[in-house]
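Down below is the structure, laid out as structure tokens.
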Amino acid sequence: MLNCKQAAERASNKLDRRLPVYKRMGLWLHTGMCQNCRRYIEQLKLLRNSSAKLNAHIENCSDKTLSETSKNKIKKYIQQEREEK
């Protein structure tokens, strides 16, 4: 029987690649009894999905440029920061 540390490692590996049947069964048995590990797996899935959505959003935004007004505001702020130092 897996302990929680082993189950966490196996759950992480499961997201990256397909596990052999015996490893999946061990994880399935453990998570059937351990609510904390079930929650951990759900959190891993949430993080993975969120990071994929963020990556897609960043790719969509990467071809956009700042307006001249925004650029000037940033330049002004940087100059003020330099003068204060």
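The values are calculated or read from the model by the stated rules, or taken from the named source; none is laboratory data. Every value quoted in this text rests on a predicted model; they were computed, and no experiment measured them. When we count neighbours, we look across all protein chains shown, and the Cβ atoms used for this are built from the backbone with ideal geometry, even at glycine.
Identify, please: which residue in the stretch 1-35 is charged (D, E, K, R) and part of a helix (DSSP H, G or I) and is, among those, surrounded by the most Cβ atoms within 10 Å (Cβ to Cβ)?
The residue in question is Arg10.
Got a number for residues in the stretch 56-71 being of a type outside the set (D, E, K, R) and either exposed (fewer than 10 other Cβ atoms within 10 Å of the Cβ) or more than 32 Å from the chain's Cα centre (by Cα) (or both)?
Step one: of the stretch 56-71, the residues of a type outside the set (D, E, K, R) are 56-58, 60-62, 65-67, 69-70.
Okay, now just the ones that are also either exposed (fewer than 10 other Cβ atoms within 10 Å of the Cβ) or more than 32 Å from the chain's Cα centre (by Cα) (or both), so 58, 60-62, 65, 67, 69.
Residues in the stretch 56-71 being of a type outside the set (D, E, K, R) and either exposed (fewer than 10 other Cβ atoms within 10 Å of the Cβ) or more than 32 Å from the chain's Cα centre (by Cα) (or both): 7 in total.
Just the residues that are modelled with pLDDT of 90 or more and either closer than 14 Å to Lys5 by Cα or of a type in the set (S, T, N, Q) (or both), please, taken from the stretch 44-65.
Asn49, Ser50, Ser51 - these are the residues of the stretch 44-65 that are modelled with pLDDT of 90 or more and either closer than 14 Å to Lys5 by Cα or of a type in the set (S, T, N, Q) (or both).
If the requirement is being over 30 Å from Ser12 (Cβ atoms), at pLDDT 90 or above and surrounded by 10 or more Cβ atoms within 10 Å (Cβ to Cβ), which of these qualifies: Ile41, Ile74?
Result of the check over Ile41, Ile74: Ile74.
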